[in-house]
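Novice: Dropping the structure in here first, questions after.
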Amino acid sequence: MAPTVPSAAKSASPSQPSGKSEVADLKQQLRQLAGSRAPDADDQRRDVFKRVISCMTAGIDVSAAFGEMVLCSATSDVVTKKMCYLYVGVHARAHPDLALLTINFLQRDCRDQDPTIRGLALRSLCSLRVRNLVEYLVTPLTTGLKDPSAYVRMIAAVGAAKLYHISATACIDADLPASLKALMLSDPDAQVVANCLHSLQEIWTLEAANSEAAAREIETLYSKPVVFYLLNKIKEFSEWAQCLVLELASKFLPSDNNEIFDIMNLLEDRLQHANGAVVLSTIKVFLHLTMSMTDVHQQVYERIKAPLLTLVGAGSPEQSYAVLCHLHLLVMRAPMLFSSDYKSFYCQFSDPSYVKKLKLEMLTAIANESNTYEIVTELCEYAGNVDVPIARESIRAVGKIALQQYDVNAIVDRLLQFLEMDKDFVTAETLVLVKDLLRKYPQWSHDCIAVVGNISSKNIQEPKGKAALIWMLGEYSQDMHDAPYVLESLVENWDEEHSPEVRLHLLTAVMKCFFKRPPETQKALGATLAAGLSDTHQDVHDRALFYYRLLQYDPAVAERVVNPPKQAVSVFADTQSSEMKDRIFDEFNSLSVVYQKPSYMFTDKEHRGPFEYSEDLTNLTVGTEAQENVISAQRYQENDNDLLLSTSDKEDNGTRASNGSATSTYNAPSDLIGSSLISSQTPAETSLINTDPGTFQRKWGQLALALTQECSLSPQGAASLMNPQSLIRHMQSNYIQCIASGGQPPNYKFFFYAQKDGATAFFLVECIVNTASAKAQLKIKADDGTAAEAFSTLFQSALSKFGLS
């Protein structure tokens, strides 16, 4: 007897959906099961729902079954409801007209006896993200925040933030932030407290740009009662929630040292936590709280070494790398404190290349007189590594240590030994380092040239290595007997050299050699200039033409230009400014440390905070009760001569209001307005002046520094900087305008300007505020330097009153 063929409904595999025919079949089965009271109806619904979710996961459009899925949602089976909620959440946003069909059953489930179903239904209701359904969200959320189940309250706390993103007005009008605040301070469940805190931070931070009340509420979050209440419960929180609370604590401004020590004693055991994120968050709190206490800050470095080194050796390579990045940042700030732990940064054979590279940088940073020999010996072992990039980095590390003036004699000998390894990349990297060493230590030229002179240029393939050799041939041609002839052979192979860098160095080296050994080099010089003038590369052609015309004008002048007396290089340029490093340190325990750049450099504008460093901090509302202006603020760079960027290419799309208008709105950087300022003026006596970021930038670069001072802020003023726009408003009420600003706790930077009424003289101010120490660093530039002192007194007076009113 032939086997029975199974029905189509039973033969379909959830993992192998069959497209449109499958969707039609699913719709038919869902209609049949809608309202069915058969004993096995729930099991059948579950199987069909599994097939629907499987089709959805495979990318098949199953939105046609939306109505049938809603009809089958009336079930007590939790698994089936979860699948139904998942389906609705995916398709409601794409089909808002169909989403209305889900409201009734979701609201019904929000009143279910089972708290799990209530929570799932509330989460799905808030996840619809359909603006025209906002009115149906407020009541379930308000009820959910008072639900006896902690799970439902936890869902409702997050749902309030979702509602704010859908409709901020509906969220504020329903007074949900106040309910969240009350719940955060009274709920016995730690996860509910954490979710309330997260939602409040998100809502109030976004709302602070438009509401003074929200700005004040943010300040209450960082107040002592709230911070200490949360810290005392920290052991009850999950790891994610602990990080959230610790981030809040890192922005807290203690009123005295006793509060700092209380917090540190309270969090001491968090340094032994198994989770790396908790440890890093705790370290951030310790570091930021002790910024103004030098001795204690150094003790913190000593205390955090062991937990960080433990984390490096435990866990995955990815975790080790993240922790190493933070260690690297600390090492850069205090290398002496880590110098005795140099063996902890030796590369292991199992380390990924990105971890090894970071360890090499750290070994370079912590090298000093006591450990240089051991570190260089270890680095020399890596030079023969099969991993070529790591071998290159190890050679560069040896050279960097030599440039730090530690045991130069032994390190130079080690470097010269690398030239005997007969590996092209080793030779190239070593030649580059020898060139840098000779620029800093000319006294070593005799020993180095004796070894370099034996190297054949034909054996060097890498352009940078060949360029370094050519530089030495030109610079020390008087000490290298064969230098003119080696250069001549290189000129003969000019057409075979494809690197413009090598050809440029060759032009200069032949010129230098000519001035030192003219008879032997004259022929090579003529061939070099002829080849350079006919070169297709623009830079090579221009340099050859420049040298030709110099020689034609006066050989003595040409010698002074091409081969002037050399001075030893004392310091090589750092790749990062100290200000950039400080910004990264302020963003400790974030991706900024891993990327080694501030967050504004790798985040999109829409994902930055309302007062983060950015390319265009626009639409900051400032003003007094009588007048409010919208000022466009531009990001500044570390270089004082390049304070404001991206101004020339922005269109002037603002509309100027009339002079008599009480409110003026400017949307383009060129539409900035500034108030006049003299110490005896009243508002009625001031007149408006127009300036723009370009003018400010030019003036800042042209004017000399008139005054540098440090002043203090009141504790209330430092606390008020949790909303930095409040300082901009305060200074404008004193007729001082802000043209650029940025930063994040604890460091903020502002650029202010003012003008004396009836005069053309400007006062320009760079104000860097550290909220942890409640100090402000002022740099004042003025057209009239004699008035800078009086203006500084007035500026400091205004600043000292910030936060007191």
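Novice: Kindly provide the set of residues from the range 426-444 that are in a helix (DSSP H, G or I) and either touching a residue at least 60 places away in the same chain (Cβ under 8 Å) or surrounded by fewer than 17 Cβ atoms within 10 Å (Cβ to Cβ) (or both), ordered by number.
Specialist: ASP436, ARG439, LYS440, PRO442, GLN443
Novice: Mind checking which pairs have a first residue in the range 554-567 that is farther than 18 Å from LEU473 by Cβ and a second that is among the aliphatic types (A, V, I, L, M), Cβ under 7 Å, 6 or more apart or different chains?
Specialist: Going by the 7 Å Cβ cut-off, the qualifying pairs are VAL557/LEU550; ALA558/LEU550; ALA558/LEU551; VAL561/LEU550.
Novice: Would you check if there is a residue in the range 500-507 being open to solvent by 60 Å² or more (accessible area, probe 1.4 Å), modelled with pLDDT of 90 or more and either part of a helix (DSSP H, G or I) or under 25 Å from ALA568 (Cα atoms) (or both)?
Specialist: Here is the first cut: in the range 500-507, the ones open to solvent by 60 Å² or more (accessible area, probe 1.4 Å) are 501.
From what's left, modelled with pLDDT of 90 or more: 501.
With either part of a helix (DSSP H, G or I) or under 25 Å from ALA568 (Cα atoms) (or both) added as a condition, the list becomes 501.
Looking for residues that are open to solvent by 60 Å² or more (accessible area, probe 1.4 Å), modelled with pLDDT of 90 or more and either part of a helix (DSSP H, G or I) or under 25 Å from ALA568 (Cα atoms) (or both), one finds at least one in the range 500-507, hence yes.
Novice: Now a separate question. Please determine whether any residue of the range 460-480 is touching an Asp or Glu at 6+ places or on another chain (Cβ under 9 Å), free of Cβ contacts under 8 Å to residues at least 40 places away in the same chain, surrounded by 22 or more Cβ atoms within 10 Å (Cβ to Cβ) and assigned to a helix (DSSP H, G or I).
Specialist: Checked against the condition, which is being touching an Asp or Glu at 6+ places or on another chain (Cβ under 9 Å), free of Cβ contacts under 8 Å to residues at least 40 places away in the same chain, surrounded by 22 or more Cβ atoms within 10 Å (Cβ to Cβ) and assigned to a helix (DSSP H, G or I), the range 460-480 yields at least one hit.
Novice: Restricting the range 752-804 to residues that are within 23 Å of PRO693 (Cβ to Cβ) and among the basic types (Lys, Arg), which is least open to solvent (accessible area, probe 1.4 Å)?
Specialist: Applying the filter and picking the extreme gives LYS781.
Novice: Now a separate question. Which of the following residues is open to solvent by 10 Å² or more (accessible area, probe 1.4 Å), more than 30 Å from the chain's Cα centre (by Cα) and free of Cβ contacts under 8 Å to residues at least 60 places away in the same chain: ALA174, ALA168?
Specialist: The unique qualifying residue is ALA174.
Novice: When residues of the range 125-147 are filtered for being over 17 Å from CYS196 (Cβ atoms), at pLDDT 85 or above, open to solvent by less than 10 Å² (accessible area, probe 1.4 Å) and not in a loop (DSSP other than H, G, I, E, B), how many remain?
Specialist: Selection size over the range 125-147: 1.
Novice: Right, next: So which residues in the range 40-87 are surrounded by fewer than 21 Cβ atoms within 10 Å (Cβ to Cβ), charged (D, E, K, R) and under 45 Å from the mean Cα position of the chain (by Cα), if there are any at all?
Specialist: Matches in the range 40-87: LYS50, ASP61, LYS82.
Novice: So how many residues does the range 203-236 have that are open to solvent by 10 Å² or more (accessible area, probe 1.4 Å), modelled with pLDDT of 85 or more and either farther than 15 Å from MET722 by Cβ or in contact with a strand residue (DSSP E or B) (Cβ under 6 Å, 6 or more places away or on another chain) (or both)?
Specialist: 7
Residue by residue, here is whether (1) at pLDDT 80 or above; (2) on the phi < 0 side of the Ramachandran plot; (3) of a type in the set (Asp, Glu) holds:
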{"site": "GLN405", "(1), (2), (3)": "no, no, no"}
{"site": "ALA410", "(1), (2), (3)": "no, yes, no"}
{"site": "LYS423", "(1), (2), (3)": "yes, yes, no"}
{"site": "ALA428", "(1), (2), (3)": "yes, yes, no"}
{"site": "LEU437", "(1), (2), (3)": "yes, yes, no"}
{"site": "PRO442", "(1), (2), (3)": "yes, yes, no"}
{"site": "GLY453", "(1), (2), (3)": "no, yes, no"}
{"site": "ILE470", "(1), (2), (3)": "yes, yes, no"}
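Novice: In the range 536-592, which residue that is within 30 Å of ALA277 (Cα to Cα), of a type in the set (Gly, Ala, Ser) and assigned to a helix (DSSP H, G or I) is least open to solvent (accessible area, probe 1.4 Å)?
Specialist: SER592
Novice: Of the conditions (1) farther than 29 Å from VAL152 by Cα; (2) crowded, with 22+ Cβ neighbours inside 10 Å; (3) of a type outside the set (Ser, Thr, Tyr), PRO254 satisfies every one except a single condition; which number is it?
Specialist: (2)
The values are calculated or read from the model by the stated rules, or taken from the named source; none is laboratory data. None of the values given here were measured: they were computed from a predicted structure. Here Cβ is always computed from backbone atoms with ideal geometry, including for glycine, and neighbour counts include all displayed protein chains. When the accessible area is computed, the model is the full protein with side chains, heavy atoms only, and any ligands, DNA or RNA have been set aside. Shrake-Rupley method; radii C 1.70, N 1.55, O 1.52, S 1.80 Å.
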